[in-house]
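Working notes, beginning with the structure itself.
The values are calculated or read from the model by the stated rules, or taken from the named source; none is laboratory data. All values derive from a computational prediction rather than experimental measurement. Positions of Cβ are backbone-derived with ideal geometry, glycine not excepted, and every protein chain shown enters the neighbour counts. The protein model used for the area step is the full one, side chains on, heavy atoms only, and it has no ligands, DNA or RNA in it. Shrake-Rupley method; radii C 1.70, N 1.55, O 1.52, S 1.80 Å.
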Amino acid sequence: MDFPSRLLLLLEVVELGSFTNVAEQRNVDRSVISKHISRLEDELGVRLLNRTTRSLSLTAAGNEMVNQAKSLRDLLSNTHRLAQNYHAEPRGVLRITSTTLFGRQYVQQAVQTFQQQYPEVDIELRLEDRVVDMVREGFDIGFRIGKPKDSSLITRKVARSRLLIVASPDFIEKYGNINTIEQLESLPATVYSAPGLVIDKFGYLNENNESRSFQLKVAYRVNDVEMITQSAVAGNTLAVVTAQMIENEILDGKLIPIMTQLNLDDFGTFYAVYPHRDAPIKTKLFIDTLKAIIGDDVPVWEKHIPGFANMYGRT
């Protein structure tokens, strides 16, 4: 391992928090990592880390070296990216992260189309609903709802994500027509729930264009968005879902949009996010491929809902 590699190793130790974590990720013995960090300290002639049996902390010199390592990582990344843009055809590895349902429905389809056209690009797709550190984890593109909090990331709008309220014919037969917020809040509902997050409250505009919200009466919490729709189809609960979550359930009569006169807030916007403005051509071409599948103005998933353009305050 040469000096630049050891400097980047120091950065990795700091970001992952310990020699042990780095050793596990690299599939080497912990002593190998410790040896290279000690060698780096010898080469620089300064102590970089304060070591105890339980923790590591940076010295003042170590903090400066970590900043230099970050600059080195950015320089190397930019150099590779610029070189890729001079290839006649996109090539190399494209690492993508996406929310699970969106990835299954549309990113996977884009991968298949993209690789038919650009067979020299190898793709890694990671589906997960947690917030991903794009730079540290080495992803080229991420697909998420809402703009990222990290302002250094570049964003490109992919599609809007509108909400609707659905119930099965059996549910409506049991409880009757649902026309008021009071009725809506009194009936059993399925909602998305994960550690630290329960989505059971939604915004709307009242007849005076004032912002209000309603809170569902939660009967079933689940951390998989596909199961929210399935639960509503089963007829025990109603659900507030995004249009993207609907496939053929409404066309097949299994679900019915209710309270369509309500002026619902949008759930958000799907964005493609990537670390650098001068992204490799393969990154830009993949986003273009996905956009062609989804559509520019009206997302393809809204076409599964007859009359949706005039529902929920869009008249």
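Can you give the FRET efficiency to the nearest 0.05 for ASN206 and GLN117, using r as the Cβ-Cβ distance and R₀ = 41 Å? Before the final figure, lay out the partial values.
Working: r = 49 Å, r/R0 = 1.19.
Computed FRET efficiency for ASN206 and GLN117: 0.25.
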Review point. Once the piece of chain linking ALA61 and VAL32 is laid out straight, how much longer is it, given 0.36 nm per residue of separation minus the C-alpha distance between them?
Key: 8.2 nm
**Study point:** Amide proton proximity set for VAL298, modelled H, under 5 Å, gap of 5+
**Key:** none
Exercise for review: Ignoring everything but the protein chains, give the 1.4 Å probe accessible area of PHE19 in square angstrom, nearest 10.
Suggested key: 10
Exercise for review: Please list, in chain and number order, the residues 5+ apart from ILE123 or on another chain whose amide H is under 5 Å from its amide H, with Hs placed from the backbone.
Suggested key: LEU94
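What full-extension length gain, to one decimal in nm, is calculated for GLN261 and ASP224 as 0.36 nm per residue of separation minus the Cα-Cα distance?
On the way: separation 37, 0.36 × 37 = 13.32 nm, distance 2.79 nm.
Extending this stretch completely gives an extra 10.5 nm.
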Practice item. Obtain the nm distance between the two label points defined at THR79 and THR20 by a simple spin-label model: each point lies 7 Å from its Cα along the Cα-to-C-beta direction. Key: 3.5
Check your understanding: Where does each of 98-104, 217-223 land if you order them by average Cβ count within 10 Å, highest first?
Key -> 98-104, 217-223
Point to revise | Options (1) 21.2, 74; (2) 24.7, 79; (3) 19.2, 62 - which one matches Rg and Dmax of the Cα atoms in Å as calculated here | key: (2)
Check your understanding: For labels at ASP2 and LEU251 in the simple 7 Å Cα→Cβ model, what's the distance in nm?
Key -> 5.7
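So, R0 is 41 Å and r is the distance between the beta-carbons of LEU44 and LEU127; what FRET efficiency does that work out to, to 0.05? Write out the running numbers ahead of the final one.
Values: r = 41 Å, r/R0 = 1.01.
For R0 = 41 Å, the calculated efficiency reads 0.50.
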Practice item. Pairs of Cα atoms under 8 Å, at least six residues apart: use those to get the relative contact order of segment 195-285, whole percent. Key: 26
**Study point:** Listed residues LEU205, LEU216, LEU197, most fluctuating in the chain (Gaussian network, C-alpha, under 10 Å)
**Key:** LEU197
Check your understanding: Out of segment 1-95, which trypsin sites (Lys or Arg not before Pro) are coil in DSSP terms and have no more than 11 other C-beta atoms within 10 Å?
Key -> ARG54
Practice item. Counting only heavy atoms of the protein chains, get the accessible area per residue of the chain (1.4 Å probe) and round it to a whole Å² value. Key: 53
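May I ask you to derive the FRET efficiency for ARG136 and GLN108 from their Cβ-Cβ distance with R0 = 22 Å, giving the value to the nearest 0.05?
Numbers: r = 25 Å, r/R0 = 1.13.
For R0 = 22 Å, the calculated efficiency reads 0.30.
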Practice item. Using a 1.4 Å probe and counting only protein heavy atoms, arrange THR20, THR237 so the residue with the most accessible area comes first. Key: THR20, THR237
Review point. Which percent of the accessible heavy-atom area of segment 260-315 goes to carbon and sulfur, probe 1.4 angstrom?
Key: 50
Exercise for review: Using the Karplus curve 6.51 cos²θ - 1.76 cosθ + 1.60 with θ = phi - 60°, work out ³J(HN,Hα) for each residue of segment 133-144 in order, rounded to whole Hz, and write x for Gly and Pro.
Suggested key: 7, 4, 6, 5, 8, x, 8, 8, 9, x, 10, 9
